[in-house]
Structures are given as structure tokens and as C-alpha cells.
Amino acid sequence: MDTVARRPKKGEEVEALVDTIDRRGRALGEAEGHPISLTRGLPGDRVRARVTKRRRTGLQGVPLEVLEHGPSHVDARCAHAQSCGGCRFQDLAYGAQLELLRGHISQALEEACVPSPEVEPVIGCPVPWNYRNKMELSFGAIRWVEEDEPEGVERDFALGFHAPGRFDRVLDVSECHLLFEGGMELASSARDLAKELELTAWNQHTHEGCLRHLVLRRGVHTDETLAYVLTSRNGEDVDEFLDRFSALHPKLTTLVHGVNPGLADVATSSERRTITGPGWISERLRGIEFRISPESFFQTNTLQAERLFDIVIEEASAEGAGLVHDLYSGAGSISLLLAGAVEEVTGFELSTEAVADAKENALRNGIKNADFVAGDIAETIASVTERPDVLVCDPPRSGMHEKVVERLIELRPERIVHVSCNAQTAARDLARLVYNGYALIRARPVDLFPHTPHVECVFTLERRSV
Ligand SMILES: C[S@@+](CC[C@H](N)C(=O)[O-])C[C@H]1O[C@@H](n2cnc3c(N)ncnc32)[C@H](O)[C@@H]1O
């Protein structure tokens, strides 16, 4: 008779062997004959871990020490790697990251029962560092103190990123290898200046404090940089901070100030003013110039966005197509890149600011056959009566609203090009399309977010002739 392995209790230490990493970045493996899910770990790692939960389906735990690294381990580049979580995979060789991400997409399609051709290899980022053209940093009055920080370190001011799972604690970052080059110097100088002027940071518990967010954006092809400072209030001390900050950084092409007195921890403002420069930056993609406002969506990895859009255009096969709809169009990048190859393109987008940018971008580039509709797509799509030849959709991580998918099925475009950064919600939406007359003919992933569990994928669907 087989003996069942004793299940370790909560709090007990176990030895675990990591097999893989799931889509949320959790390490899955086995410990003393039981499945275990760990907060960190890489394939092939042998670790000592503490059990934090015991479920019927398996154990959950936190790793305490790596006893032996897996074959794809590399040294992490960042001093904050253990506490930050922003670059969850930075100690996994880049080639292994790409394989893992490809597996996540295949798995999501399989789980949603979407018949699919083999997912193509992920197109990697030629230089997988300093690729982010935008970063939102948070000011926080409760600093997340890292294990190796000296005793007595200042605890009531931080500028950086929220510690994983902590809405209230901010890790004070001195380096970030994802942010565009020069971005960290801007952040460090904002921190030093705030301290010199004795400006307080926002406290998530008491809802007091002045400084809330610092958003940095960069036009990679235009050499333009924007800083967007969000505070909870106006005041002479805020004005002094902004004036001195802009004087310290003559290369900053624009500085914008926003006030967010609300409780939600978001980098958006109810009141905004431009301190220096035009209030936005420009970026060029494949010959088209884009205006990017402080709060507009724009792909965060410029060079990989170009490769992603090349694939979207190729897959849309829009040359000679009449009508194309671009759902979730942001500041119009896909619409405007497609406009040269089609008769008419219409973008649909929720953010009025992004739509204003898209319209301005069409004007700037002399594009007359692109129009943009502002509003929640679940509502605005109802007004679409004419069937488009091609439909491109690039929804947020949560995927498409049910009403939108329903309307797509009714409109029956010949081809749908679905772009997604979340394989799970994409697979859910694709499943509905596939069971309503479409066939998934290609899945082409592009890595826009190296060292993270996120990956973009272009899924191409064709209407089956029935
Ligand atoms: C992943 S972005 C894609 C933007 C654009 N295709 C690009 O590549 O620059 C998703 C966009 O969907 C917009 N969005 C989110 N929810 C929406 C909704 N309910 N209706 C319309 N647009 C929405 C967001 O504002 C954002 O601009």
C-alpha cells in the first residue's frame, strides 16, 4: 500500500524544488511530496521555504534561502531586486524568460479551449534594460525599509514604488534599470529638493501630506522629457518646488503640475497647469509624430512598440481595405499608422484626453481619413452600423466588455486583430469569438516588458465561411 506523505504544517520549514513560474509570477513546485506555490523562485531552484498556508490543493509558502540555483539563473542587476518586485524575472536569463512567456500564452489558450496554431517565438527586446519611456513614482510618508538598510534610516519619506502587496508603504529607490536613462537623476533631485524644502509626502492612512506622484515620460526619438508632479494641494511651497526643479533641469522640455486631493492612489489630477514648455512631449513612430499628454496612454517601450505595430499592420493586411475600426485606440498610434493603407479608419477610446491627442496627431501628420470617437466602448460601439473590413482591438488588461464582444460578433468583420498584454483575458475573449464563427490563425508575441511576467501578443482571427 502507498503511504501518503505527511503534509507540512503552517509555519514549518520545508525544502522545495521549483518547477515553473505561473502567469502571476508565482513559483510552482514540489515540497516533500506536495505541490507548493511560492512568492518567488525560478525554475530549477532548490530552496528552503516556510509554509504560510495549507490548502487541500497544496501548500503556499515564502522562500527563505536558495540552496541551489536553477540552470537559467543570472545575477540580478538591481540593488532593490529582492524588495521591489517590479522586475520579477531579472535573475532569470532573458532567453528563458521569453520561453516562459510563450508557454504562458499557450497555456492560457489551452485552458480557455481556444483551438490555436503553435504560438510563435516571442520577439525579444534587443536591449532589455532602460526601455521604459514612462514611469510613475509614488511619494510615501511610510517608507518600506529593506532588510539590508542601516538602523535609523529615515522612515517618513520615500520616493519610489509601492512594496509588493503594500498599498501604504513605499520603497525608496536609488536605482531602476527599466526607467529611461537620465530618469533616475530626475527622481533623485526631486527627492533632495522636497527634503530641502521640507515638503511632506502623502500618507495613505491619514490622507495627509503634500507630494503624491512624480510621472516621468520620454520621447525616445525626439529627445524630449516631461515631468508631471502631482500634489494634494496648491501652495507657495509647491510653487517654489516646481520653479527650482525646472531651474535644476534645463533639459526637461516640459514640467506640468496637477492637484489630486482625492483618496484614490492614482496619478491623475482634477486641476492641472503647465509650468514650463508645451505641457506634452512628442514621439515619432515609423515616420508619424505623436503628441503625448501627461495622462494619455502610450506604449511604454517605444522600440518594441514599433515592432508590435509592424506586426499589427501586417496582420491587419489592410492594404486596400475600406473601413477599419481601431477599438481602444489610445492616442491613435495604430489608427494613424494604418491610415495610409486604408480608405477610412475610426478609433474608439474612453479617455477624452487621449482622443484630443489622437485628433491633434492626425492633424499634425496631415492624415484626413482617421476619426476618433470618445466614450466607453461598451456604449459607443452600439452606434456602429456599417460592417468594417478589418477590426483591430487593443483592450486594457481586463480585456473586452461582454457587450463589445457581442457587438463584434454581430458586425462580423472579415478579420480581427486582437492585441493584448494579458493572455488570460485575451483567451477568454478569443474563446467567444472562436465559438461564434472565427478561427484563430496566428499568435505572435512581442516582449515589451522584459523582466516582468507581462507580454504583448497579436492574435489574428479570420471569419470562417459558413
Ligand atoms: C492597451 S491601451 C491601447 C492603446 C493604443 N492601442 C496604443 O497602442 O497606443 C488600452 C486603451 O483602452 C482605453 N480604454 C480602457 N477602457 C476603455 C473603455 N471602456 N472604452 C474605451 N476605451 C477604453 C484606455 O484608455 C487605453 O487608451
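The values are calculated or read from the model by the stated rules, or taken from the named source; none is laboratory data. Fair warning: this is a prediction, and the values are worked out from it, not measured in the lab. Because the Cβ atoms are built from the backbone with ideal geometry, glycine has one as well, and the counts that use them run over all protein chains shown. With ligands, DNA and RNA removed, areas are computed over all heavy atoms of the protein, side chains included. Shrake-Rupley method; radii C 1.70, N 1.55, O 1.52, S 1.80 Å.
Here are a few things to note about the model shown:
- Pair Arg463, Arg54: separation of 7 Å Cα→Cβ label points (nm): 5.8 nm
- Which of Cys176, Ala362, Gly375, positive extreme of dipole for the chain (C-beta unit charges): Gly375
- Look at the dipole of the chain built from charges on Cβ: of Ser269, Gly347, Gly332, the Cα furthest out on the positive end belongs to Gly347.
- Hits among lysines - C-alpha to C-alpha of Lys9 under 18 Å, sequence gap 8 or more where chains match: Lys53
- In the stretch 9-103, the portion of solvent-accessible area held by carbon and sulfur atoms comes to 49 percent [1.4 Å probe, whole percent, DNA, RNA and ligands not counted].
- Dipole moment magnitude, nearest 20 debye, the stretch 39-138 about Cα centre, only Lys, Arg, Asp, Glu C-beta charged: 620 debye
- Of all accessible heavy-atom area on the stretch 421-466, the percent that carbon and sulfur account for (1.4 Å): 52 percent
- Normalised per residue, the accessible area of the chain is 45 Å², obtained with a 1.4 Å probe and no contribution from ligands, DNA or RNA.
- Reachable lysines, given that their alpha-carbon falls under 23 Å from the alpha-carbon of Lys251 and they are not under 8 places away in the same chain: Lys134, Lys195
- About its Cα centre, the dipole of the chain is roughly 1120 debye, where the only charges are +1 on Lys and Arg Cβ and -1 on Asp and Glu Cβ.
- Within the chain, helix-based [θ] at 222 nm, where runs of 4 or more DSSP H residues each add -39,500 (n - 2.57), nearest 500: -7000 deg cm²/dmol
- Note on the chain: antiparallel DSSP beta bridges, both residues inside, total approximately 70 percent of the bridges counted.
- Relative contact order (%) - criterion: Cα under 8 Å, at least six apart; region: the chain: 12 percent
- Basic side chains Lys and Arg get +1 at the Cβ, acidic Asp and Glu get -1 at the Cβ, and with that the dipole of the stretch 212-333 about its Cα centre reaches some 240 debye.
- Per-pair calculated FRET efficiency, R0 = 35 Å: Ser174 and Arg233 via Cβ, rounded to 0.05: 0.80
- Normalised by the number of residues in the stretch 301-425, the mean separation of alpha-carbon contacts (under 8 Å, six or more apart) gives a relative contact order of 26 percent.
- Spin-label proximity, Leu64 to the stretch 8-31 - amide N less than 12 Å from point 7 Å beyond Cα toward beta carbon: 11-16
- Qualifying lysines (Cα of each under 28 Å from Cα of Lys403; at least 8 residues distant if same chain): Lys359
- Nonpolar atom fraction for the stretch 264-357, defined as the carbon and sulfur part of the 1.4 Å probe accessible area, stands at 51 percent.
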